[in-house]
Structure formats: C-alpha cells, structure tokens
C-alpha cells in the first residue's frame, strides 16, 4: 500500500509530466506520438488520486479552527455538482471521452484539490524539490528549442512562484532563476500577461526584503493589497456602466492581435461570454464543465476555452462558483498577511492578491502547473504550521526536509 505522501508525490509527478508533454506538443516541434489521447490519462490519474485523498484521508488536521475549510469544502462540492451535471446532460457514452480528455473541460477546476498539498507542512520540502527539478530541467531543454514561439514561457508557466523562492535558495539557483526569467521575458515579448506576472513577482520580492529589514510598514503593505483587490471590483463596475477599462488603455478596439502590446483583446470576450450566459439564463449557476459559449469572433457556437480566468469560472460554475472560488483565495490572503511570522508566506499572500487581479485579464483556468501551483500556494497560506515558522526556519525547511524532525 502507498502512503498518503507517496500518492501525492505520484499525483504531482503526473501533473508535471502532463504539463511538459502537453505544451511541448503545442508550442514545440511536431512529434506525432505526443498527439495520443492517452497522454490525458496522466491528468485523469492525477486528479483521481487527489479526489481519493480529499474524500478518504484526514487531511484537514492543519485547518482546525479555520473557517476557510468550510468555504473550501463548499467550493469542492460545487465543482463536483457542476461536473456531475455535465455528465448527466451528455447524450451518449462517446461524449465522455472529449469531456475527460481535456485539461480545459472536465478536469478544468480539479487543480483546486492541490490545496491539500500546500496546507500540510510535511509536503512543503518535497513539493518545492519536485518543482525545482522540473523547472531547471525544462529550462535546460527549452534552450534547444528557443526559436519556437513561447515554448519556454508555457513550459515554465509557474515561474512567478520560483522568483519568490529566491530568498530561500543558495547563490547559484538564485542566479539561474534570474537568468531564466530574463530569458522568458525576452522570448515572450508578445505575451503581455507573462511579462506582467514576472514583473509583479519581482516587485513582491523587493517588498519581501523591505519587510525583512523593516523598511516598509505593514499598514502600507495592507493598503497596497487592498488597492490591488479593489481594481477588479472597480473595473467590473465600470464595465456594467458601459466603460471598458481595456478600451480606455488600448489601441483600436477592433484589432485583436497579440503582437500589438496596446491591442484590446479582452473586451469582446467579456461581451460574448456575458451575452451567452444571459441568453441561456446561466449567469448565477453557470453552464457546467462541458459547456462553452457562442462566439461570433471565433465563428463557433461552443467555444470551450476563455482566455480570461474569471470568465472561464463563471462560464463553468456561474457567479455562485466564482464567489466560492474568490472567497477561499481572499481568506487565504488575509491569513498570510495577518497571521504569518515569516515573510515568505506573506509574500505568497501578496502573490495571491496579484493573481486575483490577473484572473480578470488572463490566468486561464485549466489542469496545468499554473493552476496547480496557485492552489498549493493557497494551501500554504492556510497552513498554521508554515505560518508559525520564523524566517530562518522556513528557509531551513525549504532546503532540508529532515529539519521537520527538529520541529516535532
């Protein structure tokens, strides 16, 4: 029999392998063997393991006294409801294969379950070790395919987290992460969201060192985070009044080219998804995991993927699902900023605040490493054991898993 830790390790490895194979196939050289639908058995098995751990193990031990656990359980329950709802609506068994064999459809919200990994201090070292091994290997491989547009960016989609681990690392890994992040920016100049994510991570890194040396007040930090979280609220309010913040800051609204850094490539997505949900009376509870939306721009009646995370969530789970989703994240931000003794967890709280903003711009929801890592981070922010560590202790734990024995 496998232990819970071994099962989680297997699930993470499957997620890492799938992420690499999936994006290498799309953005790298054409390799026919990678087109096999059996590749999707990796995320299916990974998700199944996490479902098993969620349902049949005592993983909530580190969440005693936290109301976030109730919000998280409600979110997971609603995800299962939307999943089952889609299965019930299927007309034949043949519909199940395209439903499950896609990271953007049936499996789209199951990375939420990796919250379990982050909340347990015993997985902190192994998670970071696995992620680092993947990161440096994928970065090395990407050098040989650097001419392939945005391959490096997608293989290293979670680089925003790696940047925040710089203070916990020794000199050479720090330098490599810096060089790799510069390389990703250079070869992903057309991907505005990635450049924004990397830039924000370095700003958070600066805030980390300022907080560490008490050069910035906590009140100022809380104010900055509050302003960040207010941006989407204000933007949505303006949108309902007919004023698109994307059009205010962009060039010709009819131009949707990603090659133009000022092109408005988001307003029409908001319009089309909202119109489809309204016409189908699905704004409150969504259309289910298997549903898409009518897009006049893309000439399809059932577009399954939306480039904006917020729209993807409400399309699948409705406003109700999004409220649950965002409640867990905002609660985690509060826990990280107000109850953590170490600056690393506080920096993760700041990262989640930027993630909330980016949800309204990009951050596509899918079964990939971006979303897996985000939900591990959400779990870390809710881990009382991780929050109680000092700055020196969390650095020791990051570099040496046996350090846990001295904490027992």
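The values are calculated or read from the model by the stated rules, or taken from the named source; none is laboratory data. These numbers come from a predicted model, not from an experiment. FYI the Cβ positions are ideal-geometry reconstructions off the backbone, even for glycines, and counts take in every protein chain you see.
The table below lists the values:
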{"item": "Selection status of residue 263, at pLDDT 75 or above, crowded, with 17+ Cβ neighbours inside 10 Å and assigned to a loop (DSSP other than H, G, I, E, B)", "result": "no"}
{"item": "Residue 118 being crowded, with 22+ Cβ neighbours inside 10 Å, in contact with a helix residue (DSSP H, G or I) (Cβ under 9 Å, 6 or more places away or on another chain), in a helix (DSSP H, G or I) and touching a residue at least 40 places away in the same chain (Cβ under 8 Å)", "result": "yes"}
{"item": "When residues of segment 21-36 are limited to those that are in a helix (DSSP H, G or I) and touching a helix residue (DSSP H, G or I) at 6+ places or on another chain (Cβ under 6 Å), the one surrounded by the fewest Cβ atoms within 10 Å (Cβ to Cβ)", "result": "34"}
{"item": "Condition check for residue 230: on the phi < 0 side of the Ramachandran plot, at pLDDT 80 or above and surrounded by fewer than 18 Cβ atoms within 10 Å (Cβ to Cβ)", "result": "yes"}
{"item": "Some residue of segment 205-213 being within 29 Å of residue 319 (Cα to Cα), part of a helix (DSSP H, G or I) and at pLDDT below 95", "result": "no"}
